[in-house]
Number of protein chains: 2
Amino acid sequence: MNNLKYQITRHSVQRDRILELLRSTDRHPTADWLYDKLKSDFPRLSLGTIYRNLAILHEQGLIRKISFGSAFDRFEARVDHHYHLVCEECGRIMDLAIPFDEELNKKANASAGTFQVRHHRLEFYGLCENCRSQKDK
Amino acid sequence: MNNLKYQITRHSVQRDRILELLRSTDRHPTADWLYDKLKSDFPRLSLGTIYRNLAILHEQGLIRKISFGSAFDRFEARVDHHYHLVCEECGRIMDLAIPFDEELNKKANASAGTFQVRHHRLEFYGLCENCRSQKDK
DNA sequence: GTCCGTGCAAAAGCTTTGCAGCCTT
DNA sequence: AAGGCTGCAAAGCTTTTGCACGGAC
């Protein structure tokens with residue numbers, strides 16, 4: 001049983017360069033930035049290749065992915081600060097009852113140098129009850 | 001000086017219903033879910049209206065928005081667990097030096113009921129040095 | 001010679017926006 | 001009457017995917 005989407009066996013210069021680039025910077029680049037940087041070396045490079053290789057590298061645990069932006073925003077009417085539980089299986093989101101920790105901002109600020117921390121966002125990921133019992137079957 | 005994009009003055013039944021719906025549920029809906037729910041009451045409703053009103057409600061502080069998904073993913077070669085600083089002005093992302101807190105998962109689990117917490121994601125938002133000095137001018 | 005990886009282009013998926021007409025004030 | 005709000009449709013953006021070709025092994 002193997003759920004990997006990409007089963008790479010071959011070597012790819014492009015993939016090497018993407019990983020190398022990521023390892024050489026602390027900018028947490030977007031796919032597009034990588035594309036721009038590598039375009040001069042591979043004039044016929046395509047964004048599809050970037051994305052495919054990022055997915056492969058990610059699958060291999062060689063890189064991490066941080067999602068931002070707004071593909072699939074969720075909304076809620078509760079406007080006080082609180083944290084969420086997110087089910088990785090079904091996408092369900094629940095509010096979590098632990099108190100909001102303002103102290104976290106101070107702790108972060110203490111290590112953030114000249115960066116000025118104003119707030120934070122914390123989410124917990126795992127399995128909701130439903131999906132857990134599904135998996136037990 | 002007013003930077004608000006939406007300056008609402010008028011009343012809208014659709015907006016009322018969106019807020020009412022959000023207040024009546026704990027599902028943290030997507031725009032599409034709201035659209036589906038309201039479609040029967042407003043047969044000619046459009047998703048554009050949903051999005052516009054969500055933006056207005058958000059601007060008024062009546063609702064919160066949680067972004068997930070992948071519009072603008074960022075990648076990094078550092079694969080150990082760590083936290084990030086995100087500049088709200090320029091979008092720059094930096095690694096934060098505070099230790100990764102595995103205890104957080106346990107704390108969350110203790111309040112999560114039947115939800116099984118496996119990991120978490122924590123980001124700090126604020127202003128980087130550059131953008132801070134820009135603002136002082 | 002296989003068949004994986006690439007480039008290219010089209011498609012997909014969510015969100016935004018232009019526009020004309022309607023509705024609130 | 002003024003102009004914000006709506007529905008509709010098109011556009012915008014990032015990411016994904018189908019396909020044929022070229023390259024790795």
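The values are calculated or read from the model by the stated rules, or taken from the named source; none is laboratory data. Owing to the predicted nature of the structure, the values given are computational and were not obtained by experimental measurement. Quick reminder, even Gly has a Cβ in these numbers, built from the backbone with ideal geometry, and neighbours come from all protein chains shown. For the accessible areas, the whole protein counts, side chains as well, though only heavy atoms, and no ligand, DNA or RNA atoms are used. Shrake-Rupley method; radii C 1.70, N 1.55, O 1.52, S 1.80 Å.
If you go through region B:75-91 and keep only what is more than 17 Å from the chain's Cα centre (by Cα), surrounded by 17 or more Cβ atoms within 10 Å (Cβ to Cβ) and not aliphatic (A, V, I, L, M), you end up with B:PHE75, B:GLU76, B:TYR83. Taken together, the residues in region B:42-59 that are open to solvent by 80 Å² or more (accessible area, probe 1.4 Å) and not basic (Lys, Arg) amount to 3.
Among the residues of region B:58-77, is there at least one that is in a helix (DSSP H, G or I) and modelled with pLDDT of 85 or more?
The initial filter retains those residues of region B:58-77 that are in a helix (DSSP H, G or I), namely B:58-59.
This time we only want the ones that are modelled with pLDDT of 85 or more, so: B:58-59.
Looking through region B:58-77, at least one residue is in a helix (DSSP H, G or I) and modelled with pLDDT of 85 or more.
Residue-level check: of (1) open to solvent by less than 80 Å² (accessible area, probe 1.4 Å); (2) modelled with pLDDT of 90 or more; (3) within 30 Å of A:GLN134 (Cβ to Cβ), B:ARG121 misses just (2).
Scanning region A:15-44 for residues that are outside any loop (DSSP other than H, G, I, E, B) and near DNA strand D (Cβ under 10 Å from one of its atoms), which turns out farthest from B:CYS128 (Cα to Cα)?
First, the residues of region A:15-44 that are outside any loop (DSSP other than H, G, I, E, B): A:15-24, A:31-39.
Subsequent filtering for residues that are near DNA strand D (Cβ under 10 Å from one of its atoms) retains A:31-35.
Working: A:ALA31: 23, A:ASP32: 22, A:TRP33: 20, A:LEU34: 23, A:TYR35: 25 Å.
Checking each candidate, the answer is A:TYR35.
Condition first: more than 12 Å from chain B (Cβ to nearest Cβ), near DNA strand D (Cβ under 10 Å from one of its atoms) and not β-branched (Val, Ile, Thr). Now tell me which residues in region A:45-70 satisfy that. Once the filter is applied, which keeps residues that are more than 12 Å from chain B (Cβ to nearest Cβ), near DNA strand D (Cβ under 10 Å from one of its atoms) and not β-branched (Val, Ile, Thr), region A:45-70 yields A:SER46, A:LEU47, A:GLY48, A:ARG52. Across region A:7-31, the number of residues qualifying as open to solvent by 40 Å² or more (accessible area, probe 1.4 Å) and at pLDDT below 85 comes to 5.
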